[in-house]
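Structure first, then comments.
The values are calculated or read from the model by the stated rules, or taken from the named source; none is laboratory data. All values reported here derive from a predicted model rather than from experimental measurement. Using ideal geometry, Cβ is built from the backbone for each residue, glycine included, and neighbour counts are taken over all protein chains shown. Keep in mind that these areas ignore ligands, DNA and RNA; they rest on the heavy atoms of the full protein, side chains included. Shrake-Rupley method; radii C 1.70, N 1.55, O 1.52, S 1.80 Å.
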Amino acid sequence: MRARPQRPYIVGLTGGIGSGKSAAADHFESLGASVVDTDRIAHELTAPGGAAIGAIRSAFGAAMIASDGSLDRGAMRTLAFERPEARRQLESILHPMIGDESARRCSAAQGAYVILAVPLLIESGTYHERCDRICVVDCPEALQVTRVRARSALAEDQIRAIMAAQASRSQRLAAADDVIDNSGDLSALRAQVEHLHAAYVEAARTHATSCAPGGLAES
Ligand code: ADP
């Protein structure tokens, strides 16, 4: 059996809230990519029995833990709004854990390549550095708002506040190697994902050759 390369080929997938990252990631996964999603990891860490719950309880007290043992997101949101340093403290607990766990999952991935889905990838040097390529899911801001409103109870001003705290559309596009234009319907999104998937499989194959013993990296 051929040895796997030291490091898999990693495509960072990002986009603003409601741009369609999850929809794109799901389709990449159905085609054979391994998806490592930092949002999903954050939810797991803060779910009942999650690895971050002990540290959160020690830092903020039992009032931040819901009766099922998960992080009480509503209480934490209120606290973080009132005390910005509480948000930073929560991030200082979660971010290193998310960074370690996502790195572990990337190394263990068995797919043709890894889609590393990170909402704040452009804003974060750490994740940016890990990626061989950056793929941005893009759509007009008005469409982001419409799509988020359709899927959640957030009000438009809350969605706009989240968008304002994220990188701008032009900053994301400037950092992109590849752009998925998600202003159309889901079949248009899927067609672009399929096109990119073929390119990423090919790039991962070249990457594997260059990482393999006797490959380009060692010549
Ligand atoms: P993100 O992960 O970037 O926040 P999602 O992938 O969850 O965004 O998409 C936001 C919402 O919009 C979801 O309900 C999703 O099903 C829907 N959606 C995404 N892309 C499209 C599209 N091209 N057409 C219609 N609905 C879409």
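Residues D178, D72, ordered by accessible area of protein heavy atoms at a 1.4 angstrom probe radius and largest first, appear as D72, D178.
Taken along its principal axes, the alpha carbon cloud of the chain reaches lengths of 56, 38, 27 Å, longest axis first.
L79: net charge of surrounding residues, Cβ under 11 Å, Lys/Arg +1, Asp/Glu -1, itself excluded?
Numbers: positive: R73, R77, R83, R87; negative: D72, E82, E85.
Its environment carries a net charge of +1.
Expressed as an acute angle from 0 to 90° and rounded to the nearest 10, what is the orientation of the C-alpha long axis of helix 73-82 relative to the principal long axis of the chain? The two axes meet at around 70 degrees.
Beta bridges per DSSP, both residues in the chain: antiparallel share near 5 percent. Apolar share of the accessible surface for the chain: 54 percent from carbon plus sulfur atoms, 1.4 Å probe. Considering only V179, A153, M163, and ranking their Cα positions along the charge dipole of region 114-215 that arises from unit charges at the beta-carbon of Lys, Arg, Asp and Glu, the one farthest toward the positive end is A153.
Using a probe of 1.4 Å on the protein chains alone, the accessible area found for E29 is around 80 Å².
Beyond 17 Å, what percent of the Cα pairs of region 48-110 remain? Present the calculation step by step, with values, prior to reporting the outcome.
Working: 852 of 1953 pairs.
Considering region 48-110, 44 percent of its Cα-Cα pairs are separated by more than 17 Å.
In the context of the full set of protein chains, the chain has a per residue accessible area of 53 Å² (1.4 Å probe). Taking the longest Cα principal axis of the chain as reference, the axis of helix 141-151 is set at about 70 degrees.
Every helix of 4 or more DSSP H residues in the chain counts as -39500 (n - 2.57), and over all residues that averages to -17500 deg cm²/dmol at 222 nm.
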